Every structure is written in structure tokens, then in C-alpha cells.
1. Taking ASP189 as the residue in question, decide whether it is surrounded by fewer than 22 Cβ atoms within 10 Å (Cβ to Cβ), under 20 Å from GLU178 (Cα atoms), among the acidic types (Asp, Glu) and touching a strand residue (DSSP E or B) at 6+ places or on another chain (Cβ under 9 Å).
2. Which residues, taken from the stretch 23-37, are of a type outside the set (Val, Ile, Thr), in contact (Cβ under 8 Å) with a residue 60 or more places away in the chain and buried (at least 21 other Cβ atoms within 10 Å of the Cβ)?
3. Has the stretch 160-167 got any residue that is of a type outside the set (Val, Ile, Thr), at negative phi and in contact with a Cys (Cβ under 9 Å, 6 or more places away or on another chain)?
4. Every residue in the stretch 61-79 that is free of Cβ contacts under 8 Å to residues at least 60 places away in the same chain, of a type in the set (D, E, K, R) and either surrounded by 15 or more Cβ atoms within 10 Å (Cβ to Cβ) or touching a helix residue (DSSP H, G or I) at 6+ places or on another chain (Cβ under 7 Å) (or both), please.
5. Just one of THR26, THR37 is among the β-branched types (Val, Ile, Thr) and closer than 20 Å to LYS2 by Cβ; which is it?
6. So, ALA8, is that one under 18 Å from the mean Cα position of the chain (by Cα), at pLDDT below 95 and surrounded by 24 or more Cβ atoms within 10 Å (Cβ to Cβ) or not?
7. Among ASP68, ASP63, ASP11, ASP54, which is the only one that is of a type in the set (Asp, Glu) and closer than 30 Å to ARG250 by Cα?
8. Got at least one residue in the stretch 235-244 being touching a residue at least 40 places away in the same chain (Cβ under 8 Å) and more than 18 Å from the chain's Cα centre (by Cα)?
Amino acid sequence: MKTALTIAGSDSSGGAGVQADLKTFTVLGVYGMSAITAVTAQNTLGVKDFVEIDAELVRKQIDAAAGDISVDATKSGMLGSVATIEAVEDCITRNKLQPYVCDPVMRAKSGDKLLKDDAVNAMIKRLFPLATVITPNLRETALLSGVEKIEPTISVAKDASRRLIDMGAKAVVIKAIEQDNQHVDLFFDGREFLEFAAPSQPKDKTHGSGCAFSAAITAGLANRLSLVDAIDQAKQLVTMAIQYGDGQGRGTTPVNVLAFAPKKK
């Protein structure tokens, strides 16, 4: 069985973060490991509070996992601070934890800030060059680009993806661009653009979709899919996870990644 490591925050409601990542790894047949960067008190209504884990303990978690079990692919989500980003960079480099997917988690869907302002440049400088692909949504793309807002059009997203490549990313997927009755994820690797589209759904405002998407790409890479095929599989998983979300909670519905699990005959 292939393996994957997630470096991210814990979601006490189980809908996003490490919990969503580990569920996604399991659904795609990958053995999951984790390094917790923060413990959050949150639910479908928002983030109530969180405590960052000391960067040195994050480093020790990663080294402990990678020092015992071979890691076939890695992803990061909520990192929080410059110190944690530096620890992650060091661990990825020393332990050769590639392919690596960087999900630049900066705010929760509720709007709560999950990355300190001074950590944005550290993420760009230290982690983007290590990543096989980065997976920002439109709001994160704007923050990374230093602009207030990115218009949700393919042409504007293409310009933004070029800027992210110029910042050092090898490839980028800008998520959830609404076009007519579709949600499009735009891929760019510095050479070609590809669009991964799915019909928009009434429950598109969901909790954990970005985490599940990056985790599914990571699992696909662990299973030796090409990057494009891993993204295509991730798009299918998230689309189904949104479609079959079963309405947990009183706020933003968590995605149901188990909907993508193979069905028993």
C-alpha cells in the first residue's frame, strides 16, 4: 500500500483539515500519516479558537513519521506561522518528501484567518519551489498576488496563474472559478492551461472541499498517477463529495468523501 503524509491543522468537527485529508487518503487506498500544526475548536458555523503547535514539535512529528514509514507523497494545509513554514521546508528537504502538494490555506471558508500576514512571503519563498503543484482558491490567489480581489473569470485566472508561476511555483491549480453553470479548476504548469469542469451544485458552499481536493491529488501522486490524472481524479472525488454531502451540522455542510469509495457488490 502506498502512503501519504498530511501536514495540517486539526478540525474538531471532522469536516476539513487533517481529518478530511486522512479520510480522502483512505478512500483512495493510501495509508495516511499526519503532523498536526494547530488544534482548532471549530464546527460548521466557523472557527471558534485555535492553538498553534510549536514548530519544533511539528518538525519532530514529521521526522518521526518519515523516519519509520516511507512517504510516497506529502501535502501541507494550515501552517500558520513563519516558524512552522521553515520547519516544514527543512523536513521536506531533508526527508525528500516529494511529490509535495502545497495547499496555501490562508482563511477558513467562514473567513477566519489561518495564516499570519508575515508568513505569506515565507510560504511563497520557501515552499512554492518545493511543490509539485499549489492549489489556491480565488481568495488565496488574490492574497498571494497582493491584490484585493481576483475576478472569477478564466482569463483573469490565467493571468494570476502566470504570476504564481513567476513566484516560483512549478504548477498551479486555481480552484472553483464559476463559469455559467459550471465550476472550473484551472491548471497551469508554465506551458499549457487545462480546465477541469463540473456542473455547479446547490451545495457548492461546502466545508472541507479544498482540503479533500489537495489530499486527493496527493493520494493520486502517491499511487503514481501523473499530475494531470491525479487532478482529474481529485475533481471527480470532490464533485461527488459535494453532491452527496449529507447535511451534517447547522452551518456550511462538510463534504462527504466517502461517497467516492468503491461500492460493495
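1. Against the criterion (surrounded by fewer than 22 Cβ atoms within 10 Å (Cβ to Cβ), under 20 Å from GLU178 (Cα atoms), among the acidic types (Asp, Glu) and touching a strand residue (DSSP E or B) at 6+ places or on another chain (Cβ under 9 Å)), ASP189 does not qualify.
2. Once the filter is applied, which keeps residues that are of a type outside the set (Val, Ile, Thr), in contact (Cβ under 8 Å) with a residue 60 or more places away in the chain and buried (at least 21 other Cβ atoms within 10 Å of the Cβ), the stretch 23-37 yields LYS23, PHE25, LEU28.
3. No, every residue in the stretch 160-167 fails to be of a type outside the set (Val, Ile, Thr), at negative phi and in contact with a Cys (Cβ under 9 Å, 6 or more places away or on another chain).
4. Within the stretch 61-79, just ASP63 meets the criteria.
5. One residue alone meets the criteria, THR26.
6. no
7. It is ASP11.
8. yes
The values are calculated or read from the model by the stated rules, or taken from the named source; none is laboratory data. Note that the coordinates shown come from a computational prediction; the quantities given were computed from them, not determined experimentally. Using ideal geometry, Cβ is built from the backbone for each residue, glycine included, and neighbour counts are taken over all protein chains shown.
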